[in-house]
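The values are calculated or read from the model by the stated rules, or taken from the named source; none is laboratory data. From a predicted model like this one, the values you see are computed outputs, not experimental measurements. Using ideal geometry, Cβ is built from the backbone for each residue, glycine included, and neighbour counts are taken over all protein chains shown. These accessible areas exclude ligands, DNA and RNA; they are computed on the full protein's heavy atoms, side chains included. Shrake-Rupley method; radii C 1.70, N 1.55, O 1.52, S 1.80 Å.
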Amino acid sequence: MKKVAMAAIGGTLAGIVATTQLVGPLIAQESAHSTNVYEQLDLFGDIFERIRAQYVEKVDEADLIEAAIDGMLTSLDPHSSYLSPDDAADMRVQTRGEFGGLGIEVTQEDGFVKVVSPIDGTPAMEAGIEAGDFITHVDGESVLGLTLDKAVDLMRGPVGSEILITVVREGEAEPFDVSIVRDTITLTAVRTRLQGDAVVLRVTTFNDQTYPNLEEGLAEQIEAAGGMEKVEGIVLDLRNNPGGLLNQAIRVSDAFLDKGEIVSTRGRKPEDGDRYNATPGDLAEGKPIVVLINGGSASASEIVAGALQDHRRAIVVGTKSFGKGSVQTVMPLRGDGAMRLTTARYYTPSGRSIQALGVSPDIVVEQPRRPVATEEDEEETNVFNRSEADLRGSLDNDSLSEDEVRQIEEDRAKAEAAAKLREEDYQLAYAIDILKGLTALTPAKE
């Protein structure tokens with residue numbers, strides 16, 4: 001027994017020696033690194049004092065420190081930043097669904113402000129701002145070299161005031177100016193409607209109102225259609241949706257999934273990761289779903305599209321999404337400020353990271369630019385818009401009952417409405433055509 005104990009002690013001692021030999025240099029390196037950090041902090045203090053004492057104009061010390069903190073955070077990635085007390089308050093208001101501004105979600109790329117997406121029904125959308133536009137100047141002042149927060153500050157102002165932004169757009173030879181009047185932006189998180197026999201759920205953002213709006217709106221449209229058995233399917237329109245709250249993306253995904261993983265997050269340390277799973281219950285009762293995405297669909301939108309796509313619960317249609325696969329945590333700081341820090345990457349159920357890659361649609365459908373109609377086009381359409389029934393003296397069709405004729409006319413009206421929708425929104429019309437095709441292949445219930 002003593003021999004065993006001694007052997008164990010010997011092994012322990014050997015382990016201690018081996019570990020000490022390995023850790024010794026590491027401790028020395030850590031000490032040197034700490035010394036270097038303290039030297040850098042001393043350097044920061046020296047520069048701060050020089051600016052305060054010798055800069056050509058008197059500076060606000062608090063602004064200097066805030067700028068230094070913000071610079072430290074924005075050097076990490078485009079989504080980490082410092083939020084002043086005012087900015088932090090604005091962010092809390094935005095997550096509740098109402099704020100002042102132009103109505104655009106932006107990021108930074110190559111030093112310029114890039115539009116992730118305009119928000120439905122806002123001044124920016126009405127002025128024709130598009131996802132992918134670059135904003136280079138605000139009221140004639142260049143945004144190149146400014147932090148994203150500073151550039152956004154330039155675009156803020158009193159409700160009712162006018163702003164002139166200079167836009168660079170792919171496909172346009174020259175930059176052009178757009179005049180926008182600032183307004184109070186009240187977000188309706190989910191707009192719902194019936195399009196033929198399909199329910200369209202237009203999700204514009206993921207804030208505290210998103211899931212309640214979606215659940216209530218879907219129930220209303222199902223009732224208006226005459227029950228779920230009358231509904232062909234659901235179009236979940238996430239185009240130009242810049243994202244928002246992670247928990248809302250999870251709830252919207254869960255609304256249409258009975259089981260399985262929705263999304264996982266992985267941080268710097270393994271213990272920082274989380275995995276979110278669906279709970280039983282499908283608001284669509286198994287009806288087919290088409291998800292619409294484009295280059296303005298980001299973050300939370302991509303979580304929903306990726307989850308439904310990986311579980312083969314929906315067909316994803318449109319163009320590649322924005323590709324924001326990171327999670328930001330907002331951490332309160334002293335003085336009522338906060339910092340937005342990227343703390344994790346998120347992964348779809350199949351383990352895909354969409355960071356910088358985006359969600360690729362199952363069916364790529366571009367949204368064609370709407371051509372300008374001319375009088376000649378209208379005249380040509382009218383000439384060939386005649387049928388046998390328009391001819392003088394044509395025979396009546398006496399083989400159909402009044403109900404059968406009425407049904408044919410109703411079907412024709414639906415087809416014409418679908419054709420008109422293709423001119424207004426080709427991607428949505430394509431999505432609804434897919435639902436019609438899937439419904440046609442579903443065996444009839446006896």
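Among the conditions (1) free of Cβ contacts under 8 Å to residues at least 40 places away in the same chain; (2) small (Gly, Ala, Ser); (3) surrounded by 11 or more Cβ atoms within 10 Å (Cβ to Cβ); (4) within 23 Å of ARG340 (Cβ to Cβ), the only one that SER161 does not satisfy is (4).
Against the definition (farther than 30 Å from ILE69 by Cβ and part of a loop (DSSP other than H, G, I, E, B)), how does GLY145 come out, yes or no? Answer is no for this residue. Residue-level check: of (1) more than 30 Å from PRO85 (Cβ to Cβ); (2) in contact (Cβ under 8 Å) with a residue 24 or more places away in the chain, ARG312 misses just (2). The residues of the range 268-293 that are at negative phi and either acidic (Asp, Glu) or modelled with pLDDT under 95 (or both), listed by number, are ARG268, LYS269, PRO270, GLU271, ASP272, GLY273, ASP274, ASP282. With over 20 Å from LYS420 (Cα atoms) and among the basic types (Lys, Arg) as the only criterion, which of ARG193, ARG182, ARG202 stands out? Checking each option against the conditions leaves just ARG182.
Checking each residue in the range 48-82 for being within 25 Å of PHE322 (Cβ to Cβ) and either among the hydroxyl-bearing types (Ser, Thr, Tyr) or touching a helix residue (DSSP H, G or I) at 6+ places or on another chain (Cβ under 6 Å) (or both) picks out THR74, SER75, SER80, SER81, TYR82. Checking each residue of the range 290-297 against the condition of being open to solvent by 40 Å² or more (accessible area, probe 1.4 Å) and touching a residue at least 12 places away in the same chain (Cβ under 8 Å) gives no match.
Being open to solvent by 20 Å² or more (accessible area, probe 1.4 Å) and touching a Ser or Thr at 6+ places or on another chain (Cβ under 6 Å) is a property that ARG275 has.
Sub-8 Å Cβ pairs linking a first residue in the range 195-210 that is under 10 Å from GLY233 (Cα atoms) to a second residue that is of a type outside the set (D, E, K, R) and in a loop (DSSP other than H, G, I, E, B), at least 6 apart or interchain, are ASP197/VAL231; ALA198/VAL231; VAL199/VAL231, ordered by first then second residue. Take SER264 and decide whether it is hydroxyl-bearing (Ser, Thr, Tyr), in contact (Cβ under 8 Å) with a residue 24 or more places away in the chain and crowded, with 21+ Cβ neighbours inside 10 Å. Taking the combined requirement at face value, the residue does not satisfy it. Selection within the range 164-189: residues that are of a type in the set (D, E, K, R), touching a residue at least 12 places away in the same chain (Cβ under 8 Å) and surrounded by 10 or more Cβ atoms within 10 Å (Cβ to Cβ). The member of this set that is farthest from GLU215 (Cα to Cα) is ASP177. Remark: ILE104 matches the filter, which requires a residue to be modelled with pLDDT under 90, closer than 21 Å to SER326 by Cα and among the hydrophobic types (A, V, I, L, M, F, W, C). Restricting attention to the range 347-366, the residues being over 19 Å from GLY273 (Cβ atoms) and either part of a loop (DSSP other than H, G, I, E, B) or modelled with pLDDT under 95 (or both) number 9. Taken as a whole, the range 329-346 holds no residue that is buried (at least 21 other Cβ atoms within 10 Å of the Cβ) and either touching an Asp or Glu at 6+ places or on another chain (Cβ under 6 Å) or outside any strand (DSSP E or B) (or both). One residue stands out among those in the range 298-328 that are among the basic types (Lys, Arg) and farther than 23 Å from ASP133 by Cα: the one that is most open to solvent (accessible area, probe 1.4 Å), which is ARG312. Within the bounds of the range 216-223, is there any residue that is open to solvent by less than 20 Å² (accessible area, probe 1.4 Å), within 24 Å of LEU187 (Cβ to Cβ) and acidic (Asp, Glu)? Scanning the range 216-223 turns up no residue that is open to solvent by less than 20 Å² (accessible area, probe 1.4 Å), within 24 Å of LEU187 (Cβ to Cβ) and acidic (Asp, Glu). The residues of the range 105-142 that are touching a residue at least 40 places away in the same chain (Cβ under 8 Å), open to solvent by 50 Å² or more (accessible area, probe 1.4 Å) and either hydrophobic (A, V, I, L, M, F, W, C) or not in a loop (DSSP other than H, G, I, E, B) (or both), listed by number, are GLU105, GLN108, PHE112. Contact map, the range 342-357: first residue touching a residue at least 40 places away in the same chain (Cβ under 8 Å) and among the β-branched types (Val, Ile, Thr), second residue part of a loop (DSSP other than H, G, I, E, B) and surrounded by fewer than 16 Cβ atoms within 10 Å (Cβ to Cβ), Cβ cut-off under 7 Å, separation 6 or more or different chains; pairs are THR342/LEU76; THR342/ASP77.
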